[in-house]
């Protein structure tokens with residue numbers, strides 16, 4: 001199996017990439033480093049990536065950004081950061097990538113707990129995450145050739161405690177092994193249109 005992991009050098013991505021590389025061919029896409037360079041906020045860059053990589057069996061995206069700030073100071077352009085990068089970036093990966101994924105292949109997108117349990121300063125990020133959930137459920141009804149699509153949604157992961165713990169008071173950190181299993185379930189399982197929530201608390 002040949003996997004393309006966009007964001008495969010990030011905090012979560014590098015652990016997911018390491019796991020899958022034990023048994024599959026893994027191609028890492030990233031904005032600054034990787035086997036292929038891609039900016040998911042740019043649909044032209046996405047198409048060039050797929051044309052470079054060629055046919056693949058599964059696409060995992062663990063990339064995309066959104067602005068974190070108080071709602072009363074967020075501008076329209078601030079909201080567009082998340083809409084263009086994390087939301088439309090992942091939508092375009094599927095929209096363009098469906099022509100490069102082999103029959104019975106899959107897409108796995110990434111969101112987070114904010115879609116269900118937002119915290120302060122996350123109006124934009126929460127909105128984007130919720131939009132991705134709705135997109136994946138709808139797209140699962142229309143993707144052809146047996147191609148599946150799921151979303152892995154994680155809470156605060158253990159490897160990000162130092163950076164984000166203050167934003168998530170009372171949240172139990174999610175072990176990285178549990179998060180990895182969410183991606184395994186999506187890629188190796190048969191589920192389609194699923195939001196795989198890797199948290200049981202808020």
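Hand me the list of helices (runs of 4 or more DSSP H) wholly inside the range 1-100 holding 2 or more residues that are under 21 Å from residue 163 (Cβ atoms).
Where helices (runs of 4 or more DSSP H) fall fully within the range 1-100 and carry at least 2 residues being under 21 Å from residue 163 (Cβ atoms), they are 13-20, 76-82.
Sort through 196, 161 and tell me the only one that's modelled with pLDDT under 95 and not in a loop (DSSP other than H, G, I, E, B).
Numbers: 196 fails: modelled with pLDDT under 95.
The unique qualifying residue is 161.
Quick one: is residue 125 assigned to a loop (DSSP other than H, G, I, E, B) and modelled with pLDDT of 95 or more? Please lay out each step first, then the result.
Values: assigned to a loop (DSSP other than H, G, I, E, B): no; modelled with pLDDT of 95 or more: yes.
So residue 125 fails the test.
Let me spell it out: the conditions are (1) at negative phi; (2) modelled with pLDDT under 95, and residue 182 meets all of them except one. Which number is the exception?
Among (1) at negative phi; (2) modelled with pLDDT under 95, residue 182 violates only (2).
Would you point out the residue of the range 154-168, among those that are without any contact (Cβ under 8 Å) to a residue 24 or more places away in the chain and under 14 Å from residue 120 (Cα atoms), that is surrounded by the most Cβ atoms within 10 Å (Cβ to Cβ)?
The extreme case among them is 164.
Looking at (1) free of Cβ contacts under 8 Å to residues at least 24 places away in the same chain; (2) more than 16 Å from the chain's Cα centre (by Cα), which is the only condition residue 144 fails?
(1)
Evaluate the range 62-82: report whether one residue or more is closer than 22 Å to residue 2 by Cβ, surrounded by 15 or more Cβ atoms within 10 Å (Cβ to Cβ), touching a residue at least 40 places away in the same chain (Cβ under 8 Å) and in contact with a helix residue (DSSP H, G or I) (Cβ under 8 Å, 6 or more places away or on another chain).
Yes.
Could you grab me the full set of residues in the range 13-54 that are within 23 Å of residue 157 (Cβ to Cβ), surrounded by fewer than 21 Cβ atoms within 10 Å (Cβ to Cβ) and touching a residue at least 40 places away in the same chain (Cβ under 8 Å)?
Across the range 13-54, the qualifying residues are 15, 19.
Given the conditions (1) at pLDDT 95 or above; (2) surrounded by fewer than 22 Cβ atoms within 10 Å (Cβ to Cβ), report the number of the one that residue 93 does not fulfil.
Only one criterion in (1) at pLDDT 95 or above; (2) surrounded by fewer than 22 Cβ atoms within 10 Å (Cβ to Cβ) is unmet by residue 93, namely (2).
Condition test on residue 104, is it modelled with pLDDT under 95 and either in a strand (DSSP E or B) or more than 16 Å from the chain's Cα centre (by Cα) (or both)?
Working: modelled with pLDDT under 95: no; either in a strand (DSSP E or B) or more than 16 Å from the chain's Cα centre (by Cα) (or both): yes.
For residue 104, the condition - modelled with pLDDT under 95 and either in a strand (DSSP E or B) or more than 16 Å from the chain's Cα centre (by Cα) (or both) - is not met.
Residue 114 - would you say it is within 19 Å of residue 199 (Cα to Cα), in contact with a helix residue (DSSP H, G or I) (Cβ under 7 Å, 6 or more places away or on another chain) and either modelled with pLDDT of 95 or more or assigned to a helix (DSSP H, G or I) (or both)? It would help to see each step written out before you state the result.
Working: within 19 Å of residue 199 (Cα to Cα): yes; in contact with a helix residue (DSSP H, G or I) (Cβ under 7 Å, 6 or more places away or on another chain): yes; either modelled with pLDDT of 95 or more or assigned to a helix (DSSP H, G or I) (or both): yes.
Considered against the rule, which asks whether it is within 19 Å of residue 199 (Cα to Cα), in contact with a helix residue (DSSP H, G or I) (Cβ under 7 Å, 6 or more places away or on another chain) and either modelled with pLDDT of 95 or more or assigned to a helix (DSSP H, G or I) (or both), residue 114 comes out as yes.
The values are calculated or read from the model by the stated rules, or taken from the named source; none is laboratory data. In this text, all values refer to a predicted model and were calculated from it rather than measured experimentally. Heads up, the Cβs are rebuilt from the backbone with ideal geometry, glycines too, and the neighbour counts pull from every protein chain shown.
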